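Asker: Please read through the structure below; I'll follow up with questions.
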Amino acid sequence: MGKTGKENEGMTNIRLREDGLAVVILDQSLLPGRMEYLEAATPEEMYDAIAGLKVRGAPAIGIFAAYCMAVLARRESVRIAEGARDGGTGGAAELLGVMKKHGDHLRTSRPTAVNLSWAVERVLESAEKAYAAETEKAGVYIIADAMMKEAKAIHEEDIAMCRAISEYGLTLIKDGDGILTHCNAGPLATSRYGTALGPILLGNERGMDFRVFADETRPLLQGARLTAYELQQAGVDVTLICDNMASMVMKNGWVQACFVGCDRVAANGDTANKIGTSAVAILAKHYGIPFYVLGPTSTVDLDCASGEEIPIELRKPGEIREMFYGEPVAPEGVKCYNPAFDVTDSSLITAIVTEKGICRPPFTESLAKVKLEGVCGI
Ligand code: MRU
């Protein structure tokens, strides 16, 4: 993966390289200490960027995957067109076949966030439509252009989606409230405002004051590294706490609402999000604090009937044993269990805030309505 070094472009987390033949990302695994950008141009570099959490957060993974597919289509279309000039038989059908393989490979880089498969699927469908729309078989370049257009649309839509979620979420809190969040669902994990951090950042812009408690979020510390950083940069009052301190902070009466993001929401409302989220929801229920999930309808997966069907990513033991310590703190070789996500039972969720409105229980009905009809009974 080629390093392009520091770039003076603020917090742009994902963009296309000027020639359209690589995707440039802010390497989130190094933040907040180092701000370095990486270029992903090959299928391996793209896979590693997702698996290694250099780009992370469900919507951001989707945007990145969409651009990756478009970039690979451009590269493959040049190869195929050159082969055809040399007498090869390749053409649009070959491009579609190759791109399906790239998509299948990319999809396996992380299993839990449905936005990854969703974005890959959307870009592939745009290729098939371009292919079918031509009376003559579409040229490879027409298909590659259609895929790039779709990737850009996914990115644009995400910006609008974050804004809408932020507006809806802001109606659930008031000036002076304390909000607890887990992991990172801010601009780095999406584009612009973010989902769970969106209402806080939007309210802050409008002169409202919130006190945010950010769980550090073991083992990869997205809360300590990314949420604390984003909120501090925006001038929001943020207090970093260890994951096991949430109960005390709630008991002290400092939290009026919990806002978390989501990686996959099942048809019944069961929600997969960063490991530890379900514990926050259980605590919130105990203390009578509303627990809100904020995420786009692209994260709602009606094909998963309940959380039981959501695949949970298991990550390497080294992330627990040694990754963020000067030297390993646990005994060498100790057995570790390192799931990246857990599922919060829908009974613990007060509401799910989407870009189309706020879904309330019974979620089986409200989620089907928002997903299939695009409307929400608020
Ligand atoms: O492992 P990560 O850092 O990708 O996990 C991210 C989360 O759990 C986020 O809360 C979720 O993806 C929503 S981001 C808007």
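Readers should treat all values here as calculations from the given coordinates under stated rules, not as data from a laboratory. It should be emphasised that the depicted structure is a prediction, and the values quoted were computed from it without experimental measurement. Quick reminder, even Gly has a Cβ in these numbers, built from the backbone with ideal geometry, and neighbours come from all protein chains shown.
Asker: Using the C-alpha atoms of region 272-378, what convex hull volume per residue, in cubic angstrom, is computed? Can you show the working numbers first?
Answerer: Numbers: hull volume 14.1 nm³, N = 107.
Taking the convex hull of the Cα positions in region 272-378, it is 132 Å³ per residue.
Asker: Please give me the summed charge of the neighbours of Lys101: other residues whose Cβ is under 12 Å from its Cβ, Lys and Arg +1, Asp and Glu -1.
Answerer: Overall, the nearby charge balance is -1.
Asker: Give the shape of region 218-293 as rounded, prolate or oblate, defined through the alpha-carbon gyration tensor: a ≥ b ≥ c are the square roots of its eigenvalues, a/c under 1.5 means rounded, and otherwise the shape is prolate if a/b is larger than b/c and oblate if not.
Answerer: Details: a/c = 1.71, a/b = 1.19, b/c = 1.44.
Note, shape of region 218-293 comes out oblate.
Asker: Sequence neighbours fewer than 8 away in the same chain don't count; with that in mind, list the lysines whose C-alpha is under 20 Å from Lys371.
Answerer: Partners within reach: Lys356.
Asker: Taking N as the number of residues in region 56-211, what is its alpha-carbon radius of gyration divided by 2.2 N^0.38 Å?
Answerer: On the way: Rg = 19.8 Å, N = 156, 2.2 N^0.38 = 15.0 Å.
Against the compact-globule rule of thumb, the ratio is 1.32.
Asker: In addition: How much of the DSSP bridge set in the chain is antiparallel, in percent, rounded to the nearest 5? Could you put the intermediate results ahead of the total?
Answerer: Details: 20 of 40 bridges.
Rounded to the nearest five, the antiparallel share is 50 percent.
Asker: Could you check the simple spin-label distance between Trp254 and Ala93, using points 7 Å along Cα→Cβ, in nm with one decimal?
Answerer: Once both label points are built, they end up 6.5 nm from each other.
Asker: Could you put Trp118, Trp254 in order, starting from the residue whose Cβ has the fewest other Cβ atoms within 10 Å?
Answerer: Values: Trp118 23, Trp254 15.
Exposure proxy ranking, most exposed first: Trp254, Trp118.
Asker: Once the principal axes of the Cα atoms of region 107-163 are found, what is the range along each, listed largest first in whole angstroms?
Answerer: Principal axes ranked by extent give 39, 28, 14 Å for the Cα atoms.
Asker: Report, in deg cm²/dmol and to the nearest 500, the calculated mean residue ellipticity at 222 nm for the chain, where each DSSP H run with n ≥ 4 adds -39500 (n - 2.57) and the sum is divided by the residue count.
Answerer: Details: 11 runs with 150 residues, N = 378.
Theoretical 222 nm ellipticity from helices: -12500 deg cm²/dmol.
Asker: Something else now. Give, to the nearest whole percent, the P(r) tail of the chain beyond 41 angstrom, counting all Cα pairs.
Answerer: Of the Cα pairs, 13 percent sit more than 41 Å apart.
Asker: Kirkwood Rh over alpha-carbon pairs of region 133-289, then Stokes-Einstein at 25 °C and 0.890 mPa s: what D in µm² s⁻¹, rounded to an integer? Each step should come with its number before you reach the end.
Answerer: Working: Rh = 16.9 Å.
Roughly 146 µm²/s, to the nearest whole number.
Asker: For the charge dipole of region 208-342, defined by +1 on Lys and Arg C-beta atoms and -1 on Asp and Glu C-beta atoms about the Cα centroid, which residue among Ala266, Gly333, Ser298 has the Cα displaced farthest towards the positive pole?
Answerer: So the residue furthest toward the plus end is Gly333.
Asker: Okay, moving on. Normalising by the residue count of the chain, find the relative contact order in percent from Cα pairs under 8 Å and 6+ residues apart. Write out the running numbers ahead of the final one.
Answerer: Values: 780 pairs, mean separation 51.2, N = 378.
That works out to 14 percent.
Asker: Please state the shape class of region 125-195: rounded when a/c is under 1.5, otherwise prolate if a/b exceeds b/c and oblate if not, all from the C-alpha gyration tensor. The partial results should precede the final answer.
Answerer: Details: a/c = 5.22, a/b = 3.62, b/c = 1.44.
It comes out prolate by the Cα gyration axes.
Asker: Where in the chain are the helices, taken as whole DSSP H runs, whose Cα atoms extend 20 angstrom or more along the long axis and whose Kyte-Doolittle mean reaches at least 0.0?
Answerer: On the way: long enough: 58-85 (40 Å, 0.64); 92-107 (22 Å, -0.34); 114-133 (28 Å, 0.15); 140-170 (45 Å, 0.30).
Qualifying helices, which must be both long enough and hydrophobic enough, are 58-85, 114-133, 140-170.
Asker: Oh, and also: Going by how many other beta carbons lie within 10 Å of each one, how would you line up Glu308, Glu45, fewest first? Each step should come with its number before you reach the end.
Answerer: Details: Glu308 10, Glu45 17.
Arranged by neighbour count, lowest to highest, Glu308, Glu45 become Glu308, Glu45.
Asker: Same structure, new question: Can you tell me the relative contact order of region 245-378? Whole percent, Cα pairs under 8 Å, sequence separation 6 or more. Display every interim value, and only then the final one.
Answerer: Details: 242 pairs, mean separation 39.6, N = 134.
Result for region 245-378 is 30 percent.
Asker: If you don't mind, there's one more thing I want to ask. Which residues in region 190-220 place their backbone N less than 15 Å from a point set 7 Å from the Cα of Asp175 along the Cα-to-Cβ direction?
Answerer: Inside the label zone: 203-211.
Asker: Right, here's the next one. Separation of region 215-232 and region 314-344 by C-alpha centroid, Å?
Answerer: Region 215-232 and region 314-344 have Cα centres spaced 17 Å from each other.
Asker: Do any trypsin sites (Lys or Arg not before Pro) in region 275-361 lie in a loop, going by DSSP, with at most 14 other beta-carbon atoms within 10 Å of their beta carbon, and if so which?
Answerer: Working: sites: Lys285, Arg315, Arg321, Lys335, Lys356; in loops: Arg315, Lys335, Lys356.
Listed in order of number, the matching sites are Lys335.
Asker: Give me Leu21, Leu124 ranked fewest to most by other Cβ atoms within 10 Å of their Cβ, as a rough exposure proxy. Before the final figure, lay out each step's value.
Answerer: On the way: Leu21 14, Leu124 20.
Result, fewest neighbours first: Leu21, Leu124.
Asker: Apply the a/c threshold of 1.5 to the C-alpha gyration tensor of region 274-325 and tell me whether it is rounded, prolate or oblate. Display every interim value, and only then the final one.
Answerer: On the way: a/c = 2.33, a/b = 1.25, b/c = 1.87.
Cα axes put region 274-325 in the oblate bin.
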